[in-house]
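In what follows, a structure is listed as structure tokens, so that the remarks can point back to it.
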Amino acid sequence: TLLPAAWLLICTTTAGFIKLFDANPAIGFLSLAKKYSVALEAGQVIAPAKDITQMQHVIFNAYTNATLTALFLFVVFSILFYAIKVGVAAWGSKERTDKESPFQPIPQA
């Protein structure tokens, strides 16, 4: 299970950083927001937007997507950190560290 988890971590982290920081506006959220912001400041309307309001929506959505991607990466790294922390604690202990609750049947309604 360690190898698939490592592969998943590599893929999701790489994809997240690419979506955040790629210089191509078709790929990177921040470069897309910058492209539309520069055009908006110049008074231009870039397709697929049809007016200034839609340009502002594209910029807002690009920053929203970038924020959510950064949050997702934070969650991924938090899970990694705590998994390593718990794993190291479990390996360092001479007794079992997992605990199960005793079985409790579901009461009949």
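What follows draws every value from the coordinates through simple rules; no lab data is involved. These figures come from a predicted structure and were not determined experimentally. Positions of Cβ are backbone-derived with ideal geometry, glycine not excepted, and every protein chain shown enters the neighbour counts.
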Residue separation times 0.36 nm, minus the C-alpha to C-alpha distance between ILE27 and GLU95: what's the value? 19.6 nm
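Sort 24-37, 48-61 by the packing proxy (mean of other Cβ within 10 Å over each peptide's residues), most packed first.
Details: 24-37: 17.1, 48-61: 13.6.
Final packing ranking: 24-37, 48-61.
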Given the peptides 72-82, 93-103, arrange them by the average over their residues of other C-beta atoms within 10 Å, most packed first. 72-82, 93-103
Label point distance in nm, ALA83-PHE60, each placed 7 Å from Cα along Cα→Cβ: 3.7 nm
Could you give me D for the chain, from Stokes-Einstein at 20 °C and 1.002 mPa s, where the hydrodynamic radius is the Kirkwood radius over C-alpha pairs? Units µm² s⁻¹, please. 121 µm²/s
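When the convex hull of the C-alpha atoms of the range 46-103 is computed, what volume per residue in Å³ does it have?
Working: hull volume 7.0 nm³, N = 58.
In the range 46-103, the Cα hull volume divided by residue count equals 121 Å³.
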If one takes the longest principal axis of the Cα atoms in the chain, at what angle in degrees, from 0 to 90 and to the nearest 10, does the Cα axis of helix 29-41 lie? 20 degrees
Between the Cα axis of helix 52-92 and the main Cα principal axis of the chain, the angle (0 to 90°, nearest 10) is 20 degrees
With r defined as the distance between the Cβ atoms of ALA39 and CYS11 and R0 fixed at 35 Å, what FRET efficiency is calculated, to the nearest 0.05? 0.60
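Per the helix-only calculation at 222 nm, which mean residue ellipticity applies to the chain, given -39500 (n - 2.57) for every DSSP H run of n ≥ 4 and division by its residues, nearest 500 deg cm²/dmol?
Numbers: 3 runs with 74 residues, N = 109.
It lands at -24000 deg cm²/dmol.
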